[in-house]
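S.K.: Okay, here's the structure, questions in a sec.
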Amino acid sequence: MEVRILADTNVFILFTQRLPLPSKVEEALDSPETERFISAVSVIEIFRLWQSARLPDNPDTWLDLALASWTVLPMTAPIARQSALWPWSHRDPADRIIAATAQIEKIELWHTDTVLKGLTGFPHRYFRNRLK
């Protein structure tokens with residue numbers, strides 16, 4: 001049975017850099033039966049994290065190789081619309097776009113975001129970030 005997972009930016013970074021994740025997440029993302037997705041907004045977040053020195057390695061040296069086994073989902077007009085319509089107090093546009101991507105594309109978002117954890121309207125599964 002094929003599994004479809006939309007990883008948030010943090011899960012994507014931890015997985016591709018082989019940093020600790022809950023074993024269930026690592027096993028699912030490593031499985032040949034898993035179709036892996038990220039939002040295009042995650043690429044922006046990765047470069048912003050590097051620019052702010054929160055990611056040590058320049059993404060230009062590893063990101064293209066990491067993305068080769070992932071499907072990058074674009075921000076479409078329906079995704080943009082949905083990201084703006086939720087009545088959430090959470091205003092982070094990247095998180096809203098990633099959640100809207102999960103909702104519009106009907107793919108469960110796997111994330112470590114404690115704010116998204118408490119929100120509704122999109123399919124998601126929260127995992128505790130073992131690095132914090």
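S.K.: Given the condition closer than 18 Å to Ile5 by Cα and in contact (Cβ under 8 Å) with a residue 24 or more places away in the chain, answer yes or no: does some residue in segment 45-64 qualify? Before the answer, list the steps.
M.R.: Taking segment 45-64 first, the residues closer than 18 Å to Ile5 by Cα are none.
No.
S.K.: Would you point out which residue out of Pro20, Pro56 is touching a Lys or Arg at 6+ places or on another chain (Cβ under 8 Å), closer than 21 Å to Thr112 by Cα and surrounded by fewer than 14 Cβ atoms within 10 Å (Cβ to Cβ)? Steps first, please.
M.R.: On the way: Pro56 fails: touching a Lys or Arg at 6+ places or on another chain (Cβ under 8 Å).
Unique residue meeting the criteria: Pro20.
S.K.: Does any residue in segment 17-36 that is over 16 Å from Leu65 (Cβ atoms) come within less than 6 Å, Cβ to Cβ, of a residue that is basic (Lys, Arg) six or more places away or on a different chain, and which pairs are these?
M.R.: Here the result reads Pro20/Arg130; Glu35/Arg4, each pair linking segment 17-36 to a residue that is basic (Lys, Arg).
S.K.: Can you spot a residue in segment 91-106 that is within 13 Å of the chain's Cα centre (by Cα), hydroxyl-bearing (Ser, Thr, Tyr) and part of a helix (DSSP H, G or I)?
M.R.: Checking segment 91-106: at least one residue is within 13 Å of the chain's Cα centre (by Cα), hydroxyl-bearing (Ser, Thr, Tyr) and part of a helix (DSSP H, G or I).
S.K.: While we're on this one: Going by what's in this entry, would Ser42 be described as under 25 Å from Ile104 (Cα atoms), exposed (fewer than 15 other Cβ atoms within 10 Å of the Cβ) and either modelled with pLDDT under 95 or small (Gly, Ala, Ser) (or both)? Can you show your working first?
M.R.: Details: under 25 Å from Ile104 (Cα atoms): yes; exposed (fewer than 15 other Cβ atoms within 10 Å of the Cβ): no; either modelled with pLDDT under 95 or small (Gly, Ala, Ser) (or both): yes.
In short, no.
S.K.: Which residues, taken from segment 48-92, are closer than 12 Å to Ile13 by Cα and touching a strand residue (DSSP E or B) at 6+ places or on another chain (Cβ under 7 Å)? Outline the logic, then answer.
M.R.: Applying the first criterion (closer than 12 Å to Ile13 by Cα) to segment 48-92 yields 49-50, 54-57, 59, 62-63, 66-67.
Scanning segment 48-92 gives no hits.
S.K.: Given the criterion in contact (Cβ under 8 Å) with a residue 40 or more places away in the chain and outside any helix (DSSP H, G or I), identify the matching residue among Trp88, Trp110.
M.R.: Numbers: Trp88 fails: in contact (Cβ under 8 Å) with a residue 40 or more places away in the chain.
Among Trp88, Trp110, only Trp110 is in contact (Cβ under 8 Å) with a residue 40 or more places away in the chain and outside any helix (DSSP H, G or I).
The values are calculated or read from the model by the stated rules, or taken from the named source; none is laboratory data. Note that this is a predicted model, so its numbers are computed, not measured. Glycine also receives a Cβ, built like all others from the backbone with ideal geometry; neighbour counts cover every protein chain displayed.
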